[in-house]
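Some notes on the structure that comes next.
The values are calculated or read from the model by the stated rules, or taken from the named source; none is laboratory data. From a predicted model like this one, the values you see are computed outputs, not experimental measurements. Methodologically, a virtual Cβ is constructed for each residue, glycine included, from the backbone with ideal geometry; neighbour enumeration extends over all protein chains shown.
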Amino acid sequence: MKKTFIIFSVIFFLFNISCNNKAKMTKIKPLSAGNEKITLYNTRHGLIDDFITSLVVEKLKDREIIWIGTWKGIVKYDDDDRWVSYTSGDGLSQDHVTDITIDNSNNLWASTISLKNEGGVSKFDGRKWENFNKFGKNAEYANVVSMFTDSKDRVWVGTWGKGIGYYFNDKWSFFDTSDGLPSDEIMDITEFNGNIWFATKNDGAFYLLEDSMTWEKVNEHSSKIINDSICSIKAGKNEIWIGTWGGVSVFNGKSWKSYTHWTGLLDNFIRTIDYDESTGYTYFGTDKGLSIFKDDEWINYDSTGVFKMEAGKKVYSSQTEKLPSDKITCIAVSESFIWVGTDKGLARIQK
């Protein structure tokens, strides 16, 4: 989940990308970033495309698998530098992947989009693909931009203009503005305090009160959220982080706090968020690099190195540990690494 970016970037790149539907498997040594802490990957070293849209870690008994969504399909990567690509030629609904999630049965779910609004959801059990392309109460084609698997093993989808839905016990259920949703344009999904939260493009966030099947709105009027235009949303250990066009807000269930570039963030435009439960670090992907937060301290990565901001200036701890691009599109935490997707390839940062 990622496994998250802005729909305007989606439309722009759809007009400028041609698809490669030929599946492949490769085993190629990755690039070094000039040090042992960061490893870089691109199309010359296993990826099917350099524009990374989503990342998810599948944890197995003896290893971890990284699933990578791109504009030209999905890539499966394991610990032995083996890469397997899947495209629409293999059964994927569309090649333009927007998000990925794993359910409790280790099925891979991928959301996709197309210019003709004929995106959808693809489910992969390791052998075959099953596609779902019609969403909403009127069973129309829809582009799906976000996905999430909750604690009840329901797979939630957020669409661009058709509201939300979830898949459970082989059945779909759908909701839109006629059911009380503040918006049908859903950017991201997470779970916090037993409630499913949804981020919207312009109307703040909302969450579902399942006992009454009502929707609780969270916006600039009802709370202290910093901005109603939300790109990403992620639950931490005891709080929920909301990334907006104007900074990030965090809610611990009782009170709110916000952070901007004036308080340590690299940029106020927050594309994606992830949380590492093992370390307590929270990761923010922006258009100017990666910001890492813990205990009111910030560490930043971009294409120039690793640094802290002091008096508005970069104070470097390393200028060899560099990301392939400043535009961070998705983040995923594994046992030993932080995986960072950009518009120019993938970075693996040693914890």
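Odds and ends about this structure:
- Test result for D295, at pLDDT below 95 and either over 17 Å from the mean Cα position of the chain (by Cα) or aromatic (F, W, Y) (or both): yes
- Selection count where residues are over 22 Å from S258 (Cβ atoms) and crowded, with 19+ Cβ neighbours inside 10 Å, scope segment 315-333: 11
- Within segment 204-235, tally of residues that are among the basic types (K, R) and surrounded by fewer than 24 Cβ atoms within 10 Å (Cβ to Cβ): 2
- In segment 88-113, the qualifying residues are those that are surrounded by 20 or more Cβ atoms within 10 Å (Cβ to Cβ) and among the charged types (D, E, K, R), and the one that is farthest from W156 (Cα to Cα) is D95.
- Filtered residue count, segment 73-119, keeping only those that are basic (K, R) and over 19 Å from the mean Cα position of the chain (by Cα): 2
- Residues that are within 12 Å of G165 (Cβ to Cβ) and small (G, A, S) within segment 121-137 comprise just one, G136.
- For I196, the test of being out of contact with any Pro (no Cβ under 6 Å at 6 or more places or on another chain), modelled with pLDDT of 95 or more, within 23 Å of V155 (Cβ to Cβ) and crowded, with 24+ Cβ neighbours inside 10 Å is failed.
- Sole residue being closer than 30 Å to D62 by Cα, out of contact with any Leu (no Cβ under 6 Å at 6 or more places or on another chain) and surrounded by fewer than 18 Cβ atoms within 10 Å (Cβ to Cβ), chosen from G280, G312: G280
- Long-range neighbours under 9 Å by Cβ, at least six apart or interchain, first residue at positive phi within segment 212-226, second at pLDDT below 90: none
- Cβ separations smaller than 7 Å between residues 6+ apart or across chains give the following pairs from segment 326-339 residues that are under 12 Å from T279 (Cα atoms) to residues that are in a loop (DSSP other than H, G, I, E, B): V333/D276; S336/K351; F337/K351; I338/K351.
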